[in-house]
1. Return yes when Ala96 is under 21 Å from Ser127 (Cβ atoms) and without any contact (Cβ under 8 Å) to a residue 40 or more places away in the chain and no when it is not.
2. Return the residues of segment 14-33 that are under 19 Å from Val161 (Cα atoms) and either part of a loop (DSSP other than H, G, I, E, B) or touching a strand residue (DSSP E or B) at 6+ places or on another chain (Cβ under 6 Å) (or both); say none if nothing qualifies.
3. Name the residue that is surrounded by the fewest Cβ atoms within 10 Å (Cβ to Cβ), counting only residues in segment 160-193 that are touching an Asp or Glu at 6+ places or on another chain (Cβ under 9 Å) and in a helix (DSSP H, G or I).
4. May I ask you to list the residues in segment 200-223 that are over 19 Å from Gly128 (Cβ atoms) and part of a helix (DSSP H, G or I)?
5. Residue by residue through segment 1-15, note down the ones that are touching a helix residue (DSSP H, G or I) at 6+ places or on another chain (Cβ under 9 Å) and either within 18 Å of Val64 (Cβ to Cβ) or of a type in the set (A, V, I, L, M, F, W, C) (or both).
6. May I ask you to list the residues in segment 61-102 that are in a helix (DSSP H, G or I), within 14 Å of Ile33 (Cα to Cα) and aliphatic (A, V, I, L, M)?
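We did not get these values from a lab; they are worked out from the coordinates using the rules stated. Everything numeric here is computed off the predicted structure, so don't read it as measured data. Backbone-built Cβ (ideal geometry, glycine too); neighbour counts: all protein chains shown.
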Amino acid sequence: MSLTVVLVPGAWHGAWCFDRVIPLVEASGISCIALDPPGHGASDQPFTDLYGDADFVRSVLDSVVGDVVLLGHSYGGAVVTQAGSHPSVRHIVYLAAFALDGGETCTSVQAALHRSLPDDPRPNLASGIVVDPLGRLGVTPETVRDCMYNDCDPETVAWAVGHVGVQPALNLDQGPTDVAWRKHPSTYVVCTQDLAIYPELQKMFASRCTNIKVLDASHSPFASMPDQVSAILVDLATL
């Protein structure tokens, strides 16, 4: 049976962020597609909420022939949690992502962690978020560099800064009504240098998943360690 790897980006990101991973997966003979959720990347659709993003992912899964390994990065983890119960999904991958449970949101779990670490000296993603005139959230270039791409070379950081967009705040305050990691096998990839979703929180999410992988990477291993990310996906796709 054919299998496709489907990649869902996180907040502020689009399909572009997986540009270094896709050719490596495809070189192994596995189909791989990255998605631009509504309003992100090259999408010409208006922004929607968490549930609209999940509906979009499900519509793509409806069109895929065969099984799917479904990856969500960061906020994309919340999306694949909501969308991943789709019958074509064989395995879910959470890449430094929000593997939320019912009653949780991206904002609530982040806030709870930071309340438990009041004197933490590490950079805090929230301190670099700016609000545009339409109420959408953006991220300063310094925060992209220091919190998301802190293990990347300056050229990669510049590439990311040139691509990151804005993100509706609403999505981050919504929680899943369906929890796919309870229904399908899953792998959590913990990134130990992540300064956007601290490793302590990732480890809690990872405890909910079937398997755990660890990368000594920032929030963006698709940019800094594409070989390792693609190898994880290929291994899962060929089980």
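1. Answer is no for this residue.
2. Listed by number, the residues that qualify are Gly14, Ala15, Phe18, Asp19, Arg20, Val21.
3. Among them, the one singled out is Arg182.
4. Matches in segment 200-223: Glu200, Gln202, Lys203, Met204, Phe205, Ala206, Pro221, Phe222.
5. Leu3, Thr4, Val5, Val6, Leu7, Val8, Pro9, Ala11, Trp12, Ala15
6. Within segment 61-102, Leu61 is the sole residue that qualifies.
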